[in-house]
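These notes are about the structure you will find just below.
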Amino acid sequence: MGNVLALSNSQVPWIMRRKPAALPNPGSFDELHKSCKEVFPQQVEGVKVVINKALSSHFQVSHHIHMSSIGQSGYHFNAKYMGDQQPGPSETFPLLVGDLDNAGSLNAQALFLLAERIRSKAVFQTHHSKFLTWQVDVEYRGDDCTGTLTLGNPDVINESVILVTHFLQSVTPRLVLGGELVYHKRMADEGAILTLAGKYSAPNWVSTVNIGYGGAHASYYHKANEQIQVGVEFEANTRLQETSFAFGYHLNIPRANMVFKGSVDSSWCVGGVLEKKLPPLPVTLALGAFMNHWKNKFHCGFSIMVG
């Protein structure tokens, strides 16, 4: 029998040693429930026409016309500028977005890449030509962590301010832990709310939960195959003493260029949206209907997107 030699880690050649796998970046706090939320349909009411036009590789504009029988009808003009900096496949900096409606209300966002790991975003909003709100946040994205600090509506005269800080850390390649701290002050009224968060990602499902003083928010996303995706959401608000539950599903039919999204929640609101692309034309049609059985309300809508 041959001799068996036991080598210590220091005696193993460096090329044969296994290096621990680098942990991924957990992303931003606002996108923890993104996978589940994308399964649910967006409510469609009335008739909506969207026309997108790319003026250049950096500048795009769009026109939104909405005619409603329940709410207010209106027109929105949207403009977007995208720069040359691309740190990731789905990110472009600087990014300037502005949305103006027929009443003079403006919603504008500006995103900048200050450094390789530091991003900044400013949001401004007006209502009927009157200043409403503004906020600025700075985000740091490390190799395996993300930290964000947000300053909202600072007012020196009224001594009011809102500070929000987020932090996420990848504990393992699949587990992310973190939290959110919200501090608000207005005159003599001030307080803070702490929320803890956790996210576990498997190859075909994602489970996320937020628990804090204000309540809890949990979601579960499952991808059965390339055609079927489902999502479940649960929310509990301790201050309003309300809880809600919702189930959504996403059905993709690539051969027919069709996508169907449906949902049902604890208030017995049932709805669905069917989207149909018409290649080679750059046109997408959408038809949606929603029914609330408890309130005995029904509304439907139709939208056309060009470009």
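The values are calculated or read from the model by the stated rules, or taken from the named source; none is laboratory data. Predicted, not measured: the structure shown is a model, and the values here were computed from it. Don't worry about glycine lacking a Cβ; one is built from the backbone with ideal geometry, like all the others, and counts go over all protein chains shown. Side chains are part of the model used for accessible areas, which takes the heavy atoms of the whole protein and leaves out ligands, DNA and RNA. Shrake-Rupley method; radii C 1.70, N 1.55, O 1.52, S 1.80 Å.
Just a few scattered comments:
- As for the stretch 209-216, it holds at least one residue that is under 23 Å from PRO24 (Cα atoms) and either open to solvent by less than 50 Å² (accessible area, probe 1.4 Å) or aliphatic (A, V, I, L, M) (or both).
- Residues of the stretch 257-285 satisfying the condition of being closer than 30 Å to GLY214 by Cα and free of Cβ contacts under 8 Å to residues at least 60 places away in the same chain: VAL264, ASP265, SER266, SER267, TRP268, CYS269, VAL270
- Output for the stretch 97-119, where each listed residue is touching a strand residue (DSSP E or B) at 6+ places or on another chain (Cβ under 6 Å), of a type in the set (A, V, I, L, M, F, W, C) and more than 30 Å from GLY301 (Cβ to Cβ): ALA110, LEU111, PHE112, LEU113, LEU114, ILE118
- Residues considered: VAL259, VAL264, VAL273. Of these, the only one that is of a type outside the set (Gly, Ala, Ser), in contact with a Lys or Arg (Cβ under 6 Å, 6 or more places away or on another chain) and part of a strand (DSSP E or B) is VAL273.
- When residues of the stretch 237-256 are limited to those that are farther than 25 Å from ILE211 by Cβ and in a strand (DSSP E or B), the one least open to solvent (accessible area, probe 1.4 Å): HIS250
- Residue selected from the stretch 65-94 under the condition among the small types (Gly, Ala, Ser) and part of a strand (DSSP E or B), by the criterion farthest from the chain's Cα centre (by Cα): GLY74
- Filtered residues of the stretch 107-124 (kept if open to solvent by less than 70 Å² (accessible area, probe 1.4 Å) and not charged (D, E, K, R)): ASN107, ALA108, ALA110, LEU111, LEU113, ALA115, ILE118, SER120, ALA122, VAL123
- Residues that are surrounded by fewer than 16 Cβ atoms within 10 Å (Cβ to Cβ), out of contact with any Leu (no Cβ under 6 Å at 6 or more places or on another chain) and part of a strand (DSSP E or B) within the stretch 138-150 comprise TYR140, LEU149, listed in sequence order.
- Residues of the stretch 168-193 satisfying the condition of being in contact (Cβ under 8 Å) with a residue 40 or more places away in the chain, farther than 15 Å from LEU151 by Cα and surrounded by 16 or more Cβ atoms within 10 Å (Cβ to Cβ): LEU168, GLN169, SER170, VAL176, GLY178
- Residue match in the stretch 151-161 (condition: open to solvent by less than 30 Å² (accessible area, probe 1.4 Å) and without any contact (Cβ under 8 Å) to a residue 60 or more places away in the chain): yes
- All positions within the stretch 123-171 that are touching a helix residue (DSSP H, G or I) at 6+ places or on another chain (Cβ under 7 Å) and either closer than 29 Å to LEU100 by Cβ or of a type in the set (Asp, Glu) (or both): THR148
- Test: residue in the stretch 225-233 that is of a type in the set (D, E, K, R), more than 25 Å from SER267 (Cα to Cα) and surrounded by fewer than 18 Cβ atoms within 10 Å (Cβ to Cβ): yes
- Flag for GLN135 being assigned to a strand (DSSP E or B), closer than 24 Å to GLN85 by Cβ and open to solvent by 30 Å² or more (accessible area, probe 1.4 Å): yes
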